[in-house]
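A.B. asks: Have a look at this one.
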Amino acid sequence: MDELWRATPDEFVAVRNQLAKQLKAEGKADEAETVKKLKKPSAAVWAVNLLAREKPKVVADLVDLGRQVEAATADAIRGEGAGALKELDRQRRHAVSDAADAATAVADAAGQPLSAAMAGRVASTLDNASLAQATRDLLTAGRLPTELDAPGFEGLEGLDLGHLGVLGAAAGEGHADAAVLERERAREEERAAEELRRAEAEADRLEAVAADAEEVAHTARARADAARQHADELRSSPPL
């Protein structure tokens, strides 16, 4: 699979299709189907994945700081080490900036220079990929499938984190993390349900449009056939 994740966005589709064909020929139908469903990455995603291969230590340093920030956040929720959290996240954001510069450099060296806007998307993806274990694993492997643009911890530096300890006291020592995670899980489920509702509504609308278009096309074909038949009849009839 490495050749697929190394492929530039312009090369990706051809490499993906060739790999899927090869896997199918080897009797790996399920893997072939999975590969075929992979979408062409943006230049930002490609640059981030290339960075993981070309400069693994840069990514490893960022991932390690992201892991430390995650642990420090749990401590701060229990009322412990709010200052440590701010300092760690300052270091993490500095590592994000360094990693983004490195990704821009490796993309340029590969003959695929990034625009300023795309470089910003690289930084956003690195920022957010460093904050959760699942995305950290994909980042380390150089196999992120898409950009990540959810807000991270920017602005933490000027924030008083002492109030996070109240969550631990109110919920009971050792239970605050679970309560916060449960609320976040509920919010995620609500967001997913809303996205599903919007997708279903859009699908219904497009199906209605398609049905109307099909009916119009059917009517037009019928009229065209009738007109053609009338023309043929006129052509075959002798003039009076």
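A short reminder: the numbers here are calculations on the coordinates, not readings from a lab. What you see is a predicted model, and the numbers here were worked out from it, not measured in a lab. Please note: Cβ atoms are built from the backbone with ideal geometry, for glycine as well, and neighbour counts cover all protein chains shown.
A.B. asks: Starting from the 7 Å offset along Cα-to-Cβ, what nm value, one decimal, do you get for the label separation of Glu194 and Ala25?
C.D. replies: In this crude spin-label approximation the distance works out to 4.9 nm.
A.B. asks: Which three semi-axes in whole Å describe the equivalent ellipsoid of the stretch 26-100, each the square root of 5 times a Cα gyration tensor eigenvalue, listed largest first?
C.D. replies: Those come to 35, 17, 10 Å.
A.B. asks: While we're looking at this one, here's another question. Return the FRET efficiency for the residue pair Glu80, Thr8: r is the Cβ-Cβ distance, R0 is 45 Å, and the value is rounded to the nearest 0.05.
C.D. replies: 0.45
A.B. asks: Let me ask you something else. Place the peptides 113-125, 17-29 in order of packing, highest mean first, counting for every residue the other Cβ atoms within 10 Å and averaging per peptide.
C.D. replies: Ranked by mean Cβ neighbours within 10 Å, highest first: 113-125, 17-29.
A.B. asks: Summing Lys, Arg as +1 and Asp, Glu as -1, what charge do residues with Cβ under 11 Å from the Cβ of Ala105 carry, Ala105 excluded?
C.D. replies: Cβ neighbours under 11 Å give a net charge of -3.
A.B. asks: Hey, got the dipole for the stretch 1-124? About the Cα centre, +1 on K and R Cβ, -1 on D and E Cβ, debye to the nearest 20?
C.D. replies: It comes to approximately 360 debye.
A.B. asks: Towards the positive end of the charge dipole of the stretch 1-117, with charges on Cβ (+1 Lys, Arg; -1 Asp, Glu), say which of Ala107, Thr73, Ala43 has the farthest Cα.
C.D. replies: Ala43
A.B. asks: Moving to a separate point now. Going Cα to Cα from Lys37, which lysines come in below 22 Å? Please leave out same-chain ones fewer than 8 positions away.
C.D. replies: Lys21, Lys24, Lys28
A.B. asks: Rounded, prolate or oblate: pick one for the stretch 9-138, where a ≥ b ≥ c are the square roots of the eigenvalues of its C-alpha gyration tensor, a/c under 1.5 means rounded, and failing that, prolate if a/b is larger than b/c, else oblate.
C.D. replies: oblate
A.B. asks: Under the 0.36 nm per residue contour assumption, what length would be gained going from the current alpha-carbon distance of Lys37 and Arg221 to full extension?
C.D. replies: 62.6 nm
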